[in-house]
Amino acid sequence: MRRFSLWLRERPVVADALLALVLLAFDVSAVATADGATWVQMVLSVLICAPVVVRRAAPEAFAAIVLTASLLTTFVSYSLGQTEVGHPGLIVLAVALYTLVVNADRRIAAAYLAALAVDVALATWLLDQYVPATVAFTALVYALSWTAAEFVGARRAYDREVAARLAVAELDRERRAEDAVAAERTRIARELHDVVAHAVSVMIVQADGASYALDRDPDAARAALGHIAGSGRAALAELRRTVSLLRTEPSAESFPQHGTAGLAHLVSVVRDAGLRVDLELTGQLDGVSAPVSLGVHRIVQEALTNVLRHAGPGAHAWVRVTRTSDAVELSITDSGGAGDPEWGRGAGASPERFALGTGTGVAGMRERATVLGGTVDVGPRRDGWAVRARLPLEAGE
């Protein structure tokens, strides 16, 4: 039974079609057993129940059709004198109200509820129905429909928010993992530089000394040459040890091509988490090299993540990525952040410290840009914060 329920949840049209068939069977059986019923009432039964199939695809149209069918049923029953013929399938009016509250604007649902009140008034007047019982029962059904829709809508909104935040967390986890790898590579590169610089410096000094002592003191020159050979062997061993940590060389696969699709997906994820973001892309961004494309993506990701975390409620971000003749220029600005100017660097920090870029996020953006030969400027603006970067195109060539 659970599998069937999950199967129906993945196929809403099938579920609605089954609901329409159940309501139609219920309504037709009630009409067929009523006194004085005609084929016209059977046609009305179909008109009342069939629109349920499209209730989620076109909620406004569905509500309008079933309301029209209800009014038509009232007038037909009155004109044919078939006031005793009831249509229990008119419960679809409550289904339509529920669908509007869940899937459409509440103002539309409120207007529809007012139209339903008119429909009930006409039915009780023209068909001589018992007014207190009819009004009480109808009001209860509609109230339950609206209340249930509010609960379902709130649950769906909560589920969407959770899914969006999980997606943002996944992006953040990916960013942290890549930053950790980049930090390790930076550490190894620094160690490699120290080994080479030290060894070469010693070898240069000893080579200069050997050249001066070659004629005057051959034994000293010979000793200097021995020191040079020993320094070279020691440096070579150290280089081999360090390079063994980098058995996998960076390749094109190490720098995925994100491009415009990746930026659009990133912005979509952040929008789902509740941040208003405007994205403006100019130039052929899908044609840049993979390292530059990754750099653009990660800088935008870091900036938007900081805005999402610290700009406060109601913030608005603007992302502009422009490809010029020789570079890709980024501008990520927002309308918030006054409450937490440090973008997560701890309470009590000052805007001046933020401007100096002592936070790991800002430092990561700057280091990434520096590796690509570009620049990143971060700081406050009149009513928010701004991240501006420039990455030269030749950096990834």
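Bear in mind these aren't lab numbers, they're just calculated from the coordinates by the rules spelled out. In this text the structure is predicted, and so the values were computed from the model without any measurement. Neighbour counts are summed over all protein chains in view; Cβ atoms, including those assigned to glycine, are modelled from backbone coordinates with ideal geometry.
The trypsin sites (Lys or Arg not before Pro) of region 366-397 that meet both conditions, a loop assignment by DSSP and at most 16 other Cβ atoms within 10 Å of the site Cβ, are R382.
Note down the net charge around D16, summing +1 for each Lys or Arg and -1 for each Asp or Glu among other residues with Cβ under 14 Å from its Cβ.
+3
Ordering M42, M203, M365 by the number of other Cβ atoms within 10 Å of each residue's own Cβ, fewest first, gives M42, M203, M365.
Exposure proxy for T186, T138: other Cβ atoms within 10 Å of each Cβ, ordered fewest to most, give T186, T138. Less than 5 angstrom separates the built amide H of G283 from those of R323, all sequence-distant by 5 or more or on a different chain. For region 61-77, 3J(HN,Hα) computed residue by residue from phi via the Karplus equation (6.51, -1.76, 1.60; θ = phi - 60°) reads 5, 4, 5, 5, 5, 5, 5, 4, 5, 5, 4, 5, 4, 4, 5, 5, 4 Hz, glycine and proline entered as x.
Hull surface divided by four, with the convex hull built on the Cα atoms of region 2-129: how many nm²?
Values: hull surface 32.1 nm².
With every direction weighted equally, the projected area is 8.0 nm².
Taking the number of Cβ atoms within 10 Å of each Cβ as an exposure proxy, the fewest-first ranking of L372, L116, L239 is L239, L116, L372. Annotation for A117 and R165: the two label points, set 7 Å from Cα along the Cα-Cβ direction, are 3.8 nm apart. Put simply, the amide H of V277, placed in the peptide plane, has neighbours under 5 Å in A317, leaving out anything fewer than 5 places away on its chain.
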